[in-house]
Amino acid sequence: MFYLIPLISAFLLAAVFTPLTKKLAEKLNIVDFPAPRKIHQKPIPLLGGLAIFFAFSLTAVIFWSAGYIQDIKITNLNVAAILISGLILMIGGFLDDAYNLKPIQQFSWPILAILIVLVSGIRIEYVTNPLGGILQFPANFGVIIAFFWLLGMTYTTKFLDGLDGLVCGITAIGSIIIFVVSLYWDVALSGTSILALILAGSCLGFLIFNWHPAKIFLGEGGSVFCGFMLGVLAIISGSKIATALLIMGIPILDVGWVIVRRIWERKKPTQADTKHLHFRLLDIGLSHRQTVILLYGITVIFGLSSLFLHSQGKLVALGVLAIAMAGLGFGLILIYRHQHG
C-alpha cells in the first residue's frame with residue numbers, strides 16, 4: 001500500500017503543475033504552430049516537460065529527504081546527479097522550444113546531462129549472459145556503454161514524440177514494468193522502485209492534459225527527459241537492459257529504421273518527416289487514439305514478457321520483436337499502396 005503514496009503524490013503534483021505550465025507557455029508565446037508534417041490544427045503550448053520534471057523532482061526530494069530513495073545501490077550523489085541532469089535537460093528544452101536551437105546546440109544539453117550522471121558513478125557494470133552467467137564489464141568500458149545507452153534512450157523518445165500522449169504513456173508503462181521487475185530482485189521499498197513509481201505518476205498526471213486532443217505538448221525538454229529517465233532506471237534497476245529494450249523495442253527499431261532511411265536518401269538524420277510507424281498507422285486509417293492505444297498495447301505485451309522470461313528467452317523475444325516490426329512495417333506499406341492505388 002505504501003507504494004501508492006509516491007505514485008499518487010507525483011500524479012497529483014503533475015496534474016497541478018501542468019495547467020500552470022500551460023499558462024506560462026501561452027504567456028511567453030512558446031507554442032507549436034501547425035505545419036505541413038504536423039497533425040494538429042491550432043497552436044498548442046509547449047514546455048509540458050517542465051510539469052513532469054517539477055512533479056518528479058519535488059516528489060523525489062520529499063522521499064529522498066525521508067530516507068526512502070538512497071540505498072546500497074543508489075547513493076545521495078546519484079540522486080543529486082539525476083535531478084541536476086533533469087534540470088539541464090529542462091533548460092536546454094526551454095531554450096529550444098523558445099528559440100528553435102540548431103541541432104548541434106540541442107545535442108549539447110543531453111550530452112551534458114548524461115555526463116553528469118556518469119560522473120556520479122552510474123554505469124553499466126554487467127549484463128546477464130544469455131548463455132549463462134554474468135558478463136562483467138571493466139569500469140571504463142561500463143561508462144562508455146552507459147553513455148551510448150542513455151544517449152540512445154534519450155533520442156528514442158525525442159523521435160517518438162509525434163502523437164498526443166504517446167511518449168508520456170509509454171514512459172509510464174515502462175516505469176511501472178521496471179517497478180515490478182525491481183520487486184523480483186531488490187529489497188522492499190528500494191530507491192529504484194520509488195523512483196520508477198514517481199516517474200510513472202508524473203507522466204500519468206501530465207497525460208490527463210496530453211491525451212488527444214492535447215491541450216499541451218511535452219516540448220523538447222519533456223521528450224528527452226522521458227527517455228533519459230527510462231535509461232537511468234534500467235541501469236540502476238540492476239542493468240535490466242534487455243527489459244528496457246523489450247519495453248522500448250518498437251520505438252527503438254522504428255527510430256533506427258527511420259535514421260537509416262534518411263541517411264540512405266542523403267537527408268539529415270535529424271530531419272523530421274512523417275515516415276515513423278505511428279504516422280504510417282494513421283495513413284492506413286487508424287484514428288489518433290487507436291494508434292496510440294495500439295502502441296501502448298505492444299509496449300505492454302513485450303514489457304510484461306520480460307517478467308516471465310530468462311535472459312535467453314528475452315533474447316528470443318527481442319528477435320521476435322524485430323521480425324514483428326519488419327513485418328508490420330512491410331504490411332503497412334502494402335496496405336497504404338492498396339488504399340491509394
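General remarks:
- Checking Gly285 against (1) assigned to a helix (DSSP H, G or I); (2) modelled with pLDDT of 75 or more; (3) surrounded by fewer than 17 Cβ atoms within 10 Å (Cβ to Cβ); (4) out of contact with any helix residue (DSSP H, G or I) (no Cβ under 6 Å at 6 or more places or on another chain), the condition it does not meet: (1)
- Residue in region 217-231 that is at pLDDT 80 or above, not polar (S, T, N, Q) and not in a helix (DSSP H, G or I) present: yes
- Residues in region 1-15 that are free of Cβ contacts under 8 Å to residues at least 60 places away in the same chain and assigned to a helix (DSSP H, G or I): Leu4, Ile5.
- Residue within region 99-106 that is part of a helix (DSSP H, G or I), surrounded by fewer than 23 Cβ atoms within 10 Å (Cβ to Cβ), of a type in the set (A, V, I, L, M) and at pLDDT 95 or above present: no
- Filtered residue count, region 32-43, keeping only those that are under 13 Å from Lys215 (Cα atoms), surrounded by fewer than 18 Cβ atoms within 10 Å (Cβ to Cβ) and either of a type in the set (Asp, Glu) or in contact with a strand residue (DSSP E or B) (Cβ under 8 Å, 6 or more places away or on another chain) (or both): 2
- Within region 150-177, residues that are of a type in the set (Gly, Ala, Ser) have Cβ atoms under 6 Å from residues that are modelled with pLDDT under 90 in these pairs: Gly162/His276; Gly162/His278; Gly174/Ile247, counting only partners at least 6 apart in sequence or on another chain.
- Residue count, region 32-67 (criterion: at pLDDT 80 or above and in contact with a Leu (Cβ under 9 Å, 6 or more places away or on another chain)): 20
The values are calculated or read from the model by the stated rules, or taken from the named source; none is laboratory data. Keep in mind the model is a prediction, meaning the values are calculated, not measured. Virtual Cβ from ideal backbone geometry, glycine too; neighbours counted across all protein chains shown.
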